[in-house]
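Structure record follows, encoded as structure tokens.
Just so you know, all these numbers are worked out from the coordinates, no wet-lab data involved. Quick caveat: nothing in here was measured; it's all calculated off a predicted structure. Heads up, the Cβs are rebuilt from the backbone with ideal geometry, glycines too, and the neighbour counts pull from every protein chain shown.
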Amino acid sequence: MHTTIKKPILDSDIFTRGVEDIITKDELAKLLASKKQLRIKLGIDATSPDLHIGHAAPLWKIRGMQDAGHKAVIILGEFTTRIGDPTGKDATRPVLTPEVIRCNVAALKKQLGLILLTDAKRFEFRSNAEWHGKMKEWNFLNLCSMVTHSRLIERDMFQKRMKKGKEIAMTELLYPLLQGYDSVAIKSDITIIGSDQLFNEHFGRFFQEKFGQRPQVIVTLEILPGLDGGPKMSKSLNNYIGLNNTPQDKFGKAMRLLDSLIIPYLEVYTDMPTEQIKRIETELKGGMNPRDAKLIFAETLVERYHGEAAALKARQQFLSVFSKKELPEKIEEIKVHSDNVIEILVETGFASSKGDARRLLKQGGVEMDGKRIRENIARIEKRNNTILRVGKRKIARLVFS
């Protein structure tokens, strides 16, 4: 059954805002002008149980296509996860067990439902183990015979590894072939991806032509740095905002954003109208306090995922906890292990000993997120970005390991 799209969307935010390239625009225009319900592909490997707002950027684009009548086809790479996508890695990924992969897949499915419509007319969920796990040796060798070694090793990161004398596993060389064949298996019309996946998805177009299919259109999205301006968002670097974070955590992390990233984050990670973003950009150039712009970003982000009421509550809580305490712009981040208040005070160096920690608690000089910690409270919830204050001058942002 075909569903006619509601309106032409070539010039909409879906294909302009935060988009780095479209391969090709002419092909995309023809697809959108057709009466066909298009199949929009996105592949996600189950290397982690968590998604962050960087992962969500293509998902929101796909949601816009669903709203226009098209179908999202999400491939969770249960097969390819066992190999490990080499994209952006200077070393071979560790191999995950099937049990860990299954748990990750279950967690990812739930998070997809936070953004995408999941009714059968607009959503299709697939595992690439369906076809890769059943592919016969001769069929796989035939696939390999279509691709040359020189084409595979022209990839930038492989060249960098070879120059450094680092190994490249054969499975990593074959990964783009497997991801490319995914497009054949599900008959992808369009794939919306981060720009770091372009090399892999070109193999999708290549194999579709070899197998007599119309090659998919590739829409690549800009990849932004993490909150601190460093590498792209990563759980290990704690520079991300997770989809599973509470409204308060999302808001607090958004306020840590580097000033220079406010406008790019508004453009890529929110649905704020472009005209409003331009006004904020003009005001920032005219002397607007970046902190006020970050408050707008944080509230807009939380509203997108949790609604207006939750966003307003998160803003009010942030202002009541942090602004009234006149916290500095930059707060030292300290990693701690224990959930015991006394041990935390010693780990951070805010108390010289456990005895000193008990004295500080008795005196009422210890606060966490603006709440005084009483002497009889032994343990706290391990919540990243908790603000610890001892007296007036000792302040730290806690990150639990």
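Here the label points at L117 and Q316, each 7 Å from Cα along the C-beta direction, are separated by 3.4 nm in the simple model.
Compute the Cα gyration tensor for the range 91-135, then decide on rounded, prolate or oblate, letting a ≥ b ≥ c be the square roots of its eigenvalues: rounded whenever a/c is under 1.5, prolate when a/b is larger than b/c in the other cases, and oblate in all that remain. Oblate, since a/c reaches 1.5 and b/c is not below a/b. All alpha carbon pair distances within the range 136-218 were sorted into 5 Å bins beginning at 0; the resulting P(r) in whole percents reads 3, 14, 25, 23, 18, 11, 5, 1. Counting only trypsin sites (Lys or Arg not before Pro) that are in a DSSP loop and have at most 10 other C-beta atoms within 10 Å, tell me the longest site-free stretch of the chain. So the longest stretch without any such site is 165-329. Put a dot 7 Å past the Cα of M135, heading toward its Cβ, do the same for E222, and the two dots end up 3.5 nm apart. Think of each Lys and Arg Cβ as +1 and each Asp and Glu Cβ as -1; about the Cα centre, that makes the dipole of the chain roughly 780 debye. Note on A106 and S352: the model spin-label points, each 7 Å out from Cα along the C-beta direction, lie 5.1 nm apart. What list of whole percents do you get for P(r) of the chain, with Cα-Cα distances grouped in 20 Å bins up to the one holding the largest distance? It works out to 24, 50, 23, 3, in whole percents. Under Stokes-Einstein, with the Kirkwood radius over Cα pairs as Rh, the value for the range 247-321 at 10 °C and 1.306 mPa s is 130 µm²/s. Farthest towards the positive end of the charge dipole of the chain, among the residues G252, T282, A33, is the Cα of G252, using unit charges on the Cβ of Lys, Arg, Asp and Glu. Helix content alone sets the calculated 222 nm mean residue ellipticity of the chain: runs of n ≥ 4 DSSP H residues at -39500 (n - 2.57) each, divided across all residues, give -13000 deg cm²/dmol.
The relative contact order of the chain comes to 14 percent, based on Cα pairs under 8 Å that sit 6 or more residues apart. Across the range 13-221, the mean sequence separation of Cα contacts (distance under 8 Å, 6 or more residues apart), normalised by length, yields a relative contact order of 29 percent.
Loop-located GluC sites (Glu not before Pro) across the range 163-250 with a Cβ neighbour count of 11 or fewer within 10 Å are E167, with loop assigned by DSSP. Between I44 and I75, L76, G77, the built amide H atoms are under 5 Å apart, and every one of these is 5 or more places off in sequence or on another chain. A straight Cα-to-Cα reach below 24 Å connects K134 with the lysines K41, K109, K187, K210, residues fewer than 8 places away in its own chain not being considered.
Shape class for the range 333-400: rounded, because the ratio a/c of the largest to smallest gyration tensor axis (alpha-carbon atoms, square roots of eigenvalues) is under 1.5.
For the chain, the share of DSSP beta bridges that are antiparallel, to the nearest 5, is 40%.
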